[in-house]
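The next block holds one structure in the form of structure tokens; read it before the comments.
The values are calculated or read from the model by the stated rules, or taken from the named source; none is laboratory data. Just so it is clear, the model here is predicted, and its values are computed rather than measured. In this analysis, Cβ positions are derived from the backbone assuming ideal geometry, glycine residues included, and neighbour counts consider all displayed protein chains. Note: accessible area is taken over every heavy atom of the protein model, side chains too, but ligands, DNA and RNA are not part of it. Shrake-Rupley method; radii C 1.70, N 1.55, O 1.52, S 1.80 Å.
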Amino acid sequence: MGAEGMELGFKGVLKELLAYKSGALGVVILVFLVALSIYTVVAIPYDKAIKLWRGEEEVWIENPRNAQPIWVKYWEYLRGRNLPETIKRDTSDSKQYGVYKSLRAIPGTNLKRLYIEFSFKYEYDDFPSEINIFFSSKFNESAPILRIAWEKPGGNKIELLDFIPRDKYDRLYLSIEHDVLKVLRSYVEEKLYALGKNPEVPLSVEKALFAVEDESMSSSLTVKPLKGTYKLIIEGLLFGKDSDVDARLIIYGKVYGMCGTDHLRRDLTIAMLWGLPIALSFGLIASLTITFLQLIIATISGYYGGWIDALIQRLTELYMILPFLPFLIMIAAFYKLDIWVILAAIIILNIFGGGIKSTRALVMQIKEYPYIEAARAYGASSKRIVLLYIIPKILPPVIPGLIGAVPGYVFLEAALSLLGLGDPFLPTWGKVINDSYRWGALYKGYYYWVLQPSFMLILTAFAFAFIGFALDKIVNPKLREI
Amino acid sequence: MEQSLLDVRNLHLYYATRKGVVKAVDDISLSLKRGETVAVVGESGCGKTSTARAIIRLLPRNVHLYRGSIILDGKNIMELDDERFRKDVRWKKISMVFQGAMNSLNPILKAGYQVAEPLMIHENMSKVEALKRAGEALRMVGIHESFIDRYPFELSGGMKQRVVIAMALITRPQIIILDEPTSALDVITQANIMNLLKKLKNELELSYIFITHDIALSSELADKVAVMYAGEIVEMADAETFYVKPSHPYAEKLMASVPTLRTDKQLDFIPGAPPSLIYPPPGCRFHPRCPYAFDKCMKERPTAVDLGSGHYVKCWLYA
Amino acid sequence: MSEGEMILTVEDLRKFFELRKGLFSKPVYVKAVDGVTFTLKKGESISLVGESGSGKTTLGKTILRLYEPTKGKIIFKDKDVTHLSSESLMWYRRETSLIQQDPYGALPSFLPIRRIIEEPLIIHKIGDKSERLKRVYDALSAVRLTPVEDFASKYPHMLSGGQLQRVAIARALVLEPELVIADEPVSMLDASVRIETLTLLRNLQETRKISFIYITHDLATTKYFSERLFIMYAGKILESGNIRDVIMKPLHPYTQALIKAIPDPDPENRKVLRDVPPGEPPNLIHPPSGCRFHPRCPYVMDICRVEEPPIVEREKEGFVACWLHAKH
Ligand SMILES: Nc1ncnc2c1ncn2[C@@H]1O[C@H](COP(=O)(O)OP(=O)(O)OP(=O)(O)O)[C@@H](O)[C@H]1O
Ligand SMILES: Nc1ncnc2c1ncn2[C@@H]1O[C@H](COP(=O)(O)OP(=O)(O)OP(=O)(O)O)[C@@H](O)[C@H]1O
Ligand code: SF4
Ligand code: SF4
Ligand SMILES: [Mg+2]
Ligand SMILES: [Mg+2]
């Protein structure tokens, strides 16, 4: 017998679906994905997500660059390596542990003496990725003069540099500060000479600051982080009665958040989460619209026949040989490709797709069913026959295809993004893969950057594919094993 | 007594489905002598095809229970493993004309090739030789050898059925199971096919298991009749006995529902619907529809009663 | 034949199907119905018997105007319906109805039984919702699908073949038609259910005085369910008459062969071969010249091959179209 899906009703289909292991798995995954999408859309509203995603580095300045996701930390922990997390110290947060600040007027002058001491325990097995200090100062005529020093566990103190904030807000990128690098170089060299060693591969700022001071310091490849309590000391001379300086020290770690960060310090969680509703709705809308339009076209073609049929068939054949991607690339050359344009293009380029042929064949078959003839015999009009008798009958066999086609469109969107044809604004999985590719993620070992969006793509694809396969078996009992 | 060619004892074939276990063949016994035909008759869904499949061991995947003994030429073929069974028994000794097979001929293969296929599959015969034999087989079923190169769509219904019969004949089996071999054909074509089957039977000393729901038609071939109801054989009788007066209440009703052309009779029908094979009625499976049912019928399952000379009835009326 | 009111007159009805082999080749015609003439009285039941492909279904559907007639006339209740347009056909659709062969395919699987039977009422704008429901229930109880409420809410796949066919009958009768054409209404049902369904149909036909055309290939059932018999072969009617007369004394060689081919349950059957003509129904694109049965006829004469046989009246009623019976 033909399509059984309709006869079962929604509940029946669901029950049958759950009876298939693959179907049940697909449903479970899909329910999870949908729940996650809803959560995403509620927790990070669209505007906020876009703002975050499109935000300049400012928004993300406190995040490490290309940090691994937290699950990598747990994984490494099991292997006995404790990866550093980001450490923050801020004088404007007086309650914070490890922050000491004093500001005293020097009697008889309009000078003030500032003393800030940040201290933190460093217990990690790797170096931080970057160190920055952010200043916010109040001053009138002349800017404060600050002297910044570093104290390692054990008491070795290094005078790093003198710094004069040029503006109300200024920042010191310690990691790339030339003077600091020079100071540290000579410091390291001195230590090595004392040990009777020569420097081989120079150390970066972070490594020099956190190095265990033994022979291993000679090379950036052998150097090890020293565990213990570190201090950053800022001493300063301030001018004017109201003058003040607050500082914020950030020791960037190597792990961040559920999903890590990208080259722009952006939290990839946003892209992973927002990629989901976008992928789901993109895939579903594309598949649904295309299937539905094809269904209508195919029904008209199959039921009415004649020249309409011939026209539609020739169009379909033409469409089937048209190269699809070059068209999109051409469109991309003329239009700004936001996701709606891509969606519209995919829909237009697929309306006369191969689905029409199979649906039309089905319609031609159903048209000859006795119940259609019976309907004509008791006087049903053509319109009624098409809408009430044919469409409901082709829906069930079409639905597995609809579900099964979703991953195709999800992948297509991702592929377009990968080719750089995607929507540049939206945090989509394809875009993330594209970024990772462009920034050499695999070459640099940032596997998470590629793997996470790929995993999400595959998970989504599996959910739909599993459900599609199971539905197909339900709707086309011929495929059923039993 | 003459030795049986085929002796089926206590055959069971149950299917596992999501709704429960379908007892499609439930403890069936029958025997067949060389050159003899047993007709298996019964309503749709009573397990006729399942019985055939159980005998030729072409089982679906969802078998729940497959048990019993099938003794062919003194050897229990149930004990053979699948590979041996396929090599030594299926098609070589027992072949089958499947229900609706004429409509499931492969539309893109030539008739001759399809007839020859069993030889190539079961006897590893070369294509050339197999096709030669296919030509002979076609001639045997009354189709000109030149039809070897025709496609199914170029054949009429009767010819397609002949092709299907040729497929069953080509390996020269001793037994052919015919599952509704004429159900889609016209009466005259059907009569021609029945004539063909009769001729083949006499010429080749074939034994048939002839499955049909058409009692009148069954009398065209049957030496013995097995009436199936809900997975069981409820009556087994000689043609002479059976067509004159069937004994089991179900068989009696079934016979009364056959319209006859040459004589006038009051037509009767069996009220109610055939039972579920998942939850068959307790006691006698026919009791909900039986006009003679009494207390015992509802509680105890009747056993086969021997009325003499191979006439068995499963009914408490005869106990 | 004169007593009783005529409800249907079919005159020289033909239906040819156009077949095109290729885009530019000349069309050929399948002459499925090729000159059929008969009349049907009000409340009368006739049987139309013939082999597969003889054109029975085509004849039935052409009468019901599901096919456009190629030639001839269909007069229903004194009105010529042969070429009425589909709008003016609505009353005809209401007064006629069709029962099909395949009970599984005849009902839309996705609608509940209630709605299936209600559809014709909705289309013909009959009554309001509650009235229609009442008529649906009445129709269900007429075909003895009780309790009606239970059956009304079921879907086709929940019913057996016999029950489905009764739903189809209920649907065919819900508009209270005057002419019903039943095309092999029981051939797909089980033997035991067949008789039950036919008996039901016959009772409804008799009590409601429905004019009835019973199309079948099963000659044995006809005498239980109708009065007159028409034997069809290759698009033509070869013999007609009172059923018992025709069966007892078939005049046409084809009718004779048909009767010979049909077994009654009898243990003697297996011992003899049936004396039936070989061969199969002819190609309807290029039907045999003269008598269409001549390639298979054991009594074929020269004239049969060239000239169409004459229509010869049978003794009591009906006719036979065969040169053997031509009065010279
Ligand atoms: N593979 C299967 N799995 C589950 N149930 C099955 C399977 N094959 C058949 N059945 C059921 O077993 C019963 C017997 O089926 P079977 O085909 O043997 O009947 P049958 O007597 O040949 O009927 P018919 O006359 O319609 O061919 C039926 O109820 C059928 O639905
Ligand atoms: N729509 C069609 N187009 C072309 N040929 C057709 C069409 N419908 C029927 N025919 C042909 O017309 C002839 C008569 O067919 P019809 O279905 O009327 O026969 P029938 O007597 O009802 O046969 P059956 O007993 O198999 O139902 C057949 O040869 C068939 O192939
Ligand atoms: S055992 Fe009882 S119910 Fe069964 S057939 Fe015999 S009389 Fe009827
Ligand atoms: S007309 Fe001739 S060929 Fe036709 S049936 Fe009569 S005798 Fe036979
Ligand atoms: Mg069967
Ligand atoms: Mg027909």
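May I ask you to rank B:L169, A:L14 by accessible area, largest first, using a 1.4 Å probe over the protein chains only? Mind showing how you got there, number by number?
On the way: B:L169 5, A:L14 70 Å².
These residues rank, largest area first, as A:L14, B:L169.
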In order through the stretch B:196-212: 3J(HN,Hα) via Karplus (6.51 cos²θ - 1.76 cosθ + 1.60), integer Hz, x for Gly, Pro: 4, 4, 5, 4, 4, 4, 6, 5, 9, 6, 7, 10, 10, 10, 9, 9, 7
What are the semi-axes of the equivalent ellipsoid for the stretch B:236-308, taken as the square roots of 5 times the Cα gyration tensor eigenvalues, largest first, in whole Å? 24, 17, 10
For chain B, report the translational diffusion coefficient in µm²/s to the nearest whole number, using Stokes-Einstein at 25 °C, 0.890 mPa s, and a Kirkwood Rh over Cα pairs. 120
What are the ³J(HN,Hα) couplings of the stretch B:183-195, residue after residue, when phi is run through the Karplus curve with 6.51, -1.76, 1.60 and θ = phi - 60°? Round to Hz, x for glycine and proline. 5, 9, 10, 5, 4, 6, 4, 4, 4, 5, 5, 5, 4
Highest to lowest packing among A:340-350, A:258-268, C:297-307, scored as the average C-beta count within 10 Å: A:258-268, A:340-350, C:297-307
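Looking only at Cα atoms, what is the convex hull volume of the stretch C:57-191 per residue, in Å³? Walk me through the intermediate numbers first.
Details: hull volume 15.4 nm³, N = 135.
Convex hull volume per residue, Cα atoms: 114 Å³.
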Inter-chain shielding metric for B:259-266, i.e. average beta-carbon neighbours from other chains within 10 angstrom, reads 6
Place a point 7 Å from Cα of A:R147 in the direction of its Cβ. Which residues in the stretch A:105-140 have their backbone N less than 16 Å from it? A:112-117
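If packing is taken as the average number of other Cβ atoms within 10 Å across a peptide's residues, how do C:77-84, A:388-395 rank, most packed first?
On the way: C:77-84: 14.4, A:388-395: 20.0.
Ranked by mean Cβ neighbours within 10 Å, highest first: A:388-395, C:77-84.
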Which shape class, rounded, prolate or oblate, goes with chain A when its Cα gyration tensor gives a ≥ b ≥ c as root eigenvalues, a/c under 1.5 marks rounded, and past that a/b bigger than b/c marks prolate? prolate
Long-range amide H contacts for B:Q99: which residues qualify at under 5 Å (H placed 1.01 Å from N, peptide plane, sequence gap of 5 or more or a different chain)? B:D179
Peptide-level mean, for C:186-198, of C-beta atoms on other protein chains within 10 Å: 6
State the three equivalent ellipsoid semi-axes of the stretch B:101-172, derived from the C-alpha gyration tensor as the square roots of 5 times its eigenvalues, in descending order and whole Å. 17, 12, 11
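Please go through the stretch B:206-273 and write out the trypsin sites (Lys or Arg not before Pro) that DSSP classes as loop and that have at most 15 other C-beta atoms within 10 Å.
On the way: sites: B:K224, B:K253, B:R262, B:K265; in loops: B:R262, B:K265.
Hits after loop and neighbour filter: B:R262, B:K265.
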With all pairs of different alpha carbon atoms counted, what Kirkwood hydrodynamic radius in Å does the protein assembly as shown show? 36.9
The stretch A:82-134-the stretch A:141-167 distance, computed between alpha-carbon centres (Å): 11
Roughly how far apart, in whole Å, are the Cα centres of the stretch C:84-130 and the stretch A:340-384? 22
Karplus-derived 3J(HN,Hα), 6.51/-1.76/1.60, for each residue of the stretch B:214-221, Hz, glycine and proline x: 9, 5, 4, 5, 4, 5, 5, 10
Sequence-distant residues sharing a close amide H with A:A380 (under 5 Å, placed H): none
Neighbour-limited loop hits for chymotrypsin sites (Phe, Trp or Tyr not before Pro), the stretch A:88-118 (at most 10 other Cβ within 10 Å; DSSP other than H, G, I, E, B): A:Y97
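Please report the buried accessible area for the interface of C with B, total over both chains, probe 1.4 Å, in Å² to the nearest 100.
Working: alone 16560 and 15270 Å², together 28120 Å².
Looking at C and B, the buried total is near 3700 Å².
In a shell of Cβ-Cβ distance under 9 Å around A:E130, excluding A:E130 itself, what net charge do Lys and Arg (+1) and Asp and Glu (-1) give?
Values: positive: A:R65; negative: A:E206.
Counting the neighbours of A:E130, the net charge comes to 0.
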So how long is each side of the stretch B:1-143 along the principal axes, counting just the alpha-carbon atoms, biggest first, in Å? 45, 43, 30
Quick one: net charge around B:R289, please, counting Lys, Arg +1 and Asp, Glu -1 for every other residue with C-beta under 11 Å from its C-beta. +1
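Quick one: dipole size for the protein assembly as shown, taken about the Cα centre, charges +1 on Lys/Arg Cβ and -1 on Asp/Glu Cβ, in debye to the nearest 20. Working shown, then result.
Details: 141 positive and 128 negative charges, 73 e Å.
Value, rounded to 20: 360 debye.
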Interchain or long-range residues, amide H under 5 Å from C:F319's placed H: C:S240, C:G241, C:R314
Within 10 Å of each Cβ in C:254-260, the average number of Cβ atoms from other chains: 2
Mind checking the log10 I(q)/I(0) for the stretch A:84-252 at q = 0.10, 0.13, 0.15, 0.19 Å⁻¹? Debye, one equal scatterer per Cα, no solvent, two decimals. -0.40, -0.64, -0.82, -1.19
Which of the chymotrypsin sites (Phe, Trp or Tyr not before Pro) found in the stretch C:1-85 are loop residues per DSSP with 13 or fewer other Cβ atoms within 10 Å of their Cβ? C:F24
Total formal charge among the other residues, if their Cβ is under 14 angstrom from that of B:G142, Lys/Arg +1 and Asp/Glu -1: +1
